[in-house]
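> My structure is below; once you've seen it, I'll send some questions.
We did not get these values from a lab; they are worked out from the coordinates using the rules stated. Treat the numbers as computed from the prediction; the structure is a model and nothing was measured. Cβ sites come from the backbone with ideal geometry, for glycine too, and all protein chains shown count toward neighbours.
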Number of protein chains: 2
Amino acid sequence: MENRNTDCEAINIDIIEKVKPKMPEMNILCDLSDFFKVMGDNTRIKLLWALEESEMCVGDLSVLLDMTKSAVSHQLRVLRVAKLVKAVKKGKNVYYSLNDYHVKLILEKALEHVCE
Amino acid sequence: MENRNTDCEAINIDIIEKVKPKMPEMNILCDLSDFFKVMGDNTRIKLLWALEESEMCVGDLSVLLDMTKSAVSHQLRVLRVAKLVKAVKKGKNVYYSLNDYHVKLILEKALEHVCE
DNA sequence: ACTATAAATGAATAATTGTTCAATTGTGGT
DNA sequence: ACCACAATTGAACAATTATTCATTTATAGT
């Protein structure tokens, strides 16, 4: 038998067998939790919310959120890697904006949830 | 002047002043990121997905996800505290099920996002 | 009333992560 | 060509967190 990590026996095998084939692929579930992990940070949520209102450069975001430019830049990189924001250089500054139409929708649904 | 944490001056004061009043309350944003933090874990996503298919007891979830009962129980507690699942005792077992109609919707929207 | 066991719990460990600080990079404007 | 400065980067540190292991709790079924 393969190595098992679980430490107990099934109680309702029928339920387990019914649910098992309905579970999404492992890598999809990882992408999913990675996505939420990116959203699950106060600074990044603030950045996303701000960028939903207007594109902004790193310096302005630092002032708006009252954080160092470095901290903002680090978190913008996380959002950029996750493809949630995109960066465009204009003159001396780099302007960030939302890169995904899902984000706004998900933010709003989640807001409904937490506001109940 | 109050203590500032930012290390730079505003570049577009007009944009900052326009966006500032549109930002949600600080505690709302915290609730929001806390919510995503709960979703941002592979084990908990799997638990939620499984429970979307059927209510299940801790033992069956352990077998299905191939984890120790303890690890499952710890994570179910996180989900329970976050009011995402509820527990009902039936006979010898505790059956868990989804407790929020938003969760399924948000999971599906997020799945659309990561599947592109 | 006992007993077997499902579930919960707490402490400990390892891993991950956010911010700070200092230094570097790249380039717009003169 | 130079300078000023916006932005990025990397290392270090502190804080948070997921799992394991050992133990405890509660109670269903006899």
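> Mind listing whichever residues of the stretch A:49-66 are over 11 Å from B:Lys20 (Cβ atoms), more than 7 Å from chain B (Cβ to nearest Cβ) and in contact with a helix residue (DSSP H, G or I) (Cβ under 7 Å, 6 or more places away or on another chain)?
Residues satisfying the conditions are A:Glu52, A:Val58, A:Leu61.
> Follow-up. State whether one or more residues within the stretch B:21-34 are over 20 Å from B:Tyr101 (Cα atoms), facing another protein chain (nearest Cβ under 7 Å), within 11 Å of DNA strand D (Cβ to nearest atom) and among the hydrophobic types (A, V, I, L, M, F, W, C).
Checked against the condition, which is being over 20 Å from B:Tyr101 (Cα atoms), facing another protein chain (nearest Cβ under 7 Å), within 11 Å of DNA strand D (Cβ to nearest atom) and among the hydrophobic types (A, V, I, L, M, F, W, C), the stretch B:21-34 yields no hits at all.
> Could you run through the stretch A:39-68 and say how many residues are within 8 Å of DNA strand C (Cβ to nearest atom) and either farther than 17 Å from B:Thr6 by Cβ or among the basic types (Lys, Arg) (or both)? Walk me through how you get there before you give the answer.
Within the stretch A:39-68, the subset within 8 Å of DNA strand C (Cβ to nearest atom) is A:40-44, A:67-68.
Those left that are additionally either farther than 17 Å from B:Thr6 by Cβ or among the basic types (Lys, Arg) (or both): A:40-41, A:44.
Within the stretch A:39-68, residues that are within 8 Å of DNA strand C (Cβ to nearest atom) and either farther than 17 Å from B:Thr6 by Cβ or among the basic types (Lys, Arg) (or both) number 3.
> Please enumerate the residues belonging to the stretch A:1-17 that are within 16 Å of DNA strand C (Cβ to nearest atom) and either in contact with a Ser or Thr (Cβ under 6 Å, 6 or more places away or on another chain) or over 25 Å from B:Tyr95 (Cα atoms) (or both).
Of everything in the stretch A:1-17, those that are within 16 Å of DNA strand C (Cβ to nearest atom) and either in contact with a Ser or Thr (Cβ under 6 Å, 6 or more places away or on another chain) or over 25 Å from B:Tyr95 (Cα atoms) (or both) turn out to be A:Thr6, A:Asp7, A:Cys8, A:Ile15.
> Check B:Lys104, B:Lys90, B:Lys69 and return the single one that is surrounded by fewer than 18 Cβ atoms within 10 Å (Cβ to Cβ) and in contact (Cβ under 8 Å) with a residue 40 or more places away in the chain.
Numbers: B:Lys90 fails: in contact (Cβ under 8 Å) with a residue 40 or more places away in the chain; B:Lys69 fails: in contact (Cβ under 8 Å) with a residue 40 or more places away in the chain.
Of the residues listed, the single one that is surrounded by fewer than 18 Cβ atoms within 10 Å (Cβ to Cβ) and in contact (Cβ under 8 Å) with a residue 40 or more places away in the chain is B:Lys104.
> Report, by residue number, each residue of the stretch B:53-102 that is in a helix (DSSP H, G or I), small (Gly, Ala, Ser) and under 17 Å from the mean Cα position of the chain (by Cα). Quick ask: steps written out before the conclusion?
Filtering the stretch B:53-102 for residues in a helix (DSSP H, G or I) gives B:53, B:58-65, B:69-81, B:101-102.
Going one step further and asking which of them are small (Gly, Ala, Ser), we end up with B:59, B:62, B:70-71, B:73.
Correct list: B:Ser73 only.
> Might you let me know whether the stretch A:18-38 holds any residue that is within 9 Å of DNA strand C (Cβ to nearest atom) and in contact with a helix residue (DSSP H, G or I) (Cβ under 7 Å, 6 or more places away or on another chain)?
To start, the set of residues in the stretch A:18-38 that are within 9 Å of DNA strand C (Cβ to nearest atom) comprises A:34, A:37-38.
When the remaining residues are screened for being in contact with a helix residue (DSSP H, G or I) (Cβ under 7 Å, 6 or more places away or on another chain), the result is A:38.
Yes; the residues of the stretch A:18-38 include at least one that is within 9 Å of DNA strand C (Cβ to nearest atom) and in contact with a helix residue (DSSP H, G or I) (Cβ under 7 Å, 6 or more places away or on another chain).
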